[in-house]
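Participant: Let me begin by handing over the structure; questions about it come next.
The values are calculated or read from the model by the stated rules, or taken from the named source; none is laboratory data. All figures in this text were calculated on a predicted structure; none of them were measured in a lab. Positions of Cβ are generated from backbone atoms using ideal geometry, with glycine treated the same way; all protein chains shown enter the neighbour counts.
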Amino acid sequence: MPYHGTVKVGGPADVHELAELMISKIAVGPMNNNSYLLRCRTTGEQLMIDAANEPETLLKLIGEDGIAAVVTTHQHGDHWQALDTVVQATDARTYAGRYDAEGIPVPTDVPLEDGDAIRVGEARLTACHLSGHTPGSIALIYDDPHGHPHVFTGDCLFPGGVGNTWEDPERFRTLLEDVQTKLFDRLPDETWIYPGHGSDTTLGDERPHLAEWRERGW
């Protein structure tokens with residue numbers, strides 16, 4: 001079945017099969033968070049993005065092959081409730097943005113800077129620092145050599161706008177500027193966006209609304 005990216009808590013994962021990478025998306029409660037499992041199709045190595053909650057659900061998705069790493073997109077608690085249990089069960093290395101690492105109770109093995117590379121077998125992800133939702137939020141960019149880019153945005157970009165900045169004009173300005181200059185200005189319309197909650201989108205679907213977002217202030 002073709003990938004659609006619409007998942008619900010208690011339901012199955014949806015799998016996006018790329019030439020070199022398999023991306024499994026699953027929703028966990030109680031805040032309808034998305035967790036992503038990436039698997040290199042050549043080596044079988046796996047990486048998880050946001051061990052958000054329901055550790056038993058995530059460990060079942062991971063399976064007996066385990067994972068090499070867990071990347072936490074930002075410090076908000078709904079994105080790391082299962083992190084300790086998953087790490088204890090798999091001995092995975094932990095990654096997070098340098099400026100958010102202190103806000104995550106599980107120690108971060110590898111603090112990420114803007115532009116750092118993370119390997120999943122033979123696939124390469126690039127960390128992209130996006131400030132405003134939190135000080136150290138990161139997106140992860142996979143530039144598929146056989147197609148278009150794929151970006152895991154945490155809570156920084158969703159269908160319909162950027163992430164919550166709690167009516168703080170400076171935080172909103174910073175987040176929108178980072179999202180525009182580091183994602184929209186650098187990547188093509190076909191770029192697939194995997195957010196921290198809810199449905200997927202593409203940069204092309206969202207690009208026409210940038211001025212509207214800026215004017216409304218959220």
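Participant: Does any residue of region 171-182 turn out to be among the acidic types (Asp, Glu) and assigned to a helix (DSSP H, G or I)? Full working, then the answer.
Facilitator: Going through region 171-182, the residues among the acidic types (Asp, Glu) turn out to be 177-178.
With assigned to a helix (DSSP H, G or I) added as a condition, the list becomes 177-178.
So far as region 171-182 goes, yes, one or more of its residues are among the acidic types (Asp, Glu) and assigned to a helix (DSSP H, G or I).
Participant: Another question, if that's okay. Counting only residues that are buried (at least 22 other Cβ atoms within 10 Å of the Cβ) and either modelled with pLDDT under 95 or part of a helix (DSSP H, G or I) (or both), how many does region 27-61 have?
Facilitator: The number of residues fulfilling the criteria is 1.
Participant: So, in region 153-167, of the ones that are of a type in the set (Gly, Ala, Ser) and in a strand (DSSP E or B), which residue ends up farthest from the chain's Cα centre (by Cα)? Write out each step before concluding.
Facilitator: The initial filter retains those residues of region 153-167 that are of a type in the set (Gly, Ala, Ser), namely 154, 160-161, 163.
Now narrow it down to the ones that are in a strand (DSSP E or B): 154, 161.
Numbers: GLY154: 4, GLY161: 16 Å.
Per the criteria, the residue is GLY161.
Participant: Let me ask you something else. Here are some residues: HIS150, HIS74. Which one is modelled with pLDDT of 95 or more, assigned to a loop (DSSP other than H, G, I, E, B) and within 21 Å of THR201 (Cα to Cα)? Can you show your working first?
Facilitator: Working: HIS150 fails: assigned to a loop (DSSP other than H, G, I, E, B).
Just one listed residue meets the conditions, HIS74.
Participant: Go through region 79-115 residue by residue and tally those that are in a helix (DSSP H, G or I) and either under 16 Å from the mean Cα position of the chain (by Cα) or within 20 Å of ASN53 (Cβ to Cβ) (or both). Outline the logic, then answer.
Facilitator: Applying the first criterion (in a helix (DSSP H, G or I)) to region 79-115 yields 79, 83-90, 101-103.
Adding the requirement that they be either under 16 Å from the mean Cα position of the chain (by Cα) or within 20 Å of ASN53 (Cβ to Cβ) (or both) leaves 79, 83-90, 101, 103.
Summing the residues that are in a helix (DSSP H, G or I) and either under 16 Å from the mean Cα position of the chain (by Cα) or within 20 Å of ASN53 (Cβ to Cβ) (or both) in region 79-115 gives 11.
Participant: Could you grab me the full set of residues in region 147-171 that are under 15 Å from LEU210 (Cβ atoms) and surrounded by fewer than 23 Cβ atoms within 10 Å (Cβ to Cβ)?
Facilitator: Residues satisfying the conditions are PHE158, PRO159, GLY160, GLY161.
Participant: Are there any pairs, at least 6 apart or on different chains, whose C-beta atoms fall under 9 Å, with the first in region 47-64 and without any contact (Cβ under 8 Å) to a residue 12 or more places away in the chain and the second assigned to a loop (DSSP other than H, G, I, E, B), and if so, which?
Facilitator: GLU56/ALA82
Participant: OK, next. Residues being more than 12 Å from the chain's Cα centre (by Cα) and surrounded by fewer than 18 Cβ atoms within 10 Å (Cβ to Cβ): count how many of those fall in region 188-197.
Facilitator: As a first pass, look at region 188-197 and keep what is more than 12 Å from the chain's Cα centre (by Cα): 188-191.
Narrowing the set further to residues that are surrounded by fewer than 18 Cβ atoms within 10 Å (Cβ to Cβ) leaves 188-190.
Final tally of qualifying residues: 3.
Participant: Might you let me know whether region 82-99 holds any residue that is touching a residue at least 60 places away in the same chain (Cβ under 8 Å), under 20 Å from GLY198 (Cα atoms) and of a type outside the set (Lys, Arg)?
Facilitator: Within region 82-99, the subset touching a residue at least 60 places away in the same chain (Cβ under 8 Å) is none.
For region 82-99, residues touching a residue at least 60 places away in the same chain (Cβ under 8 Å), under 20 Å from GLY198 (Cα atoms) and of a type outside the set (Lys, Arg): absent.
Participant: Considering (1) touching a residue at least 60 places away in the same chain (Cβ under 8 Å); (2) closer than 25 Å to ALA52 by Cα; (3) of a type outside the set (D, E, K, R), say which one HIS146 fails and leave the rest.
Facilitator: Unmet condition: (2).
Participant: Could you give me the residue pairs with C-beta distances under 7 Å whose first residue belongs to region 195-207 and is closer than 20 Å to SER137 by Cβ, whose second residue is part of a helix (DSSP H, G or I) and of a type outside the set (Val, Ile, Thr) wherever it lies, and which are 6+ apart or on separate chains?
Facilitator: Hits for this filter: GLY196/HIS79; LEU203/LEU183; LEU203/PHE184.
Participant: Same structure again: Out of curiosity, is ASP189 over 24 Å from VAL28 (Cα atoms), part of a loop (DSSP other than H, G, I, E, B), in contact with a His (Cβ under 9 Å, 6 or more places away or on another chain) and modelled with pLDDT of 95 or more? So that I can check it myself, show each step before the final result.
Facilitator: Values: over 24 Å from VAL28 (Cα atoms): yes; part of a loop (DSSP other than H, G, I, E, B): yes; in contact with a His (Cβ under 9 Å, 6 or more places away or on another chain): yes; modelled with pLDDT of 95 or more: yes.
Taking the combined requirement at face value, the residue satisfies it.
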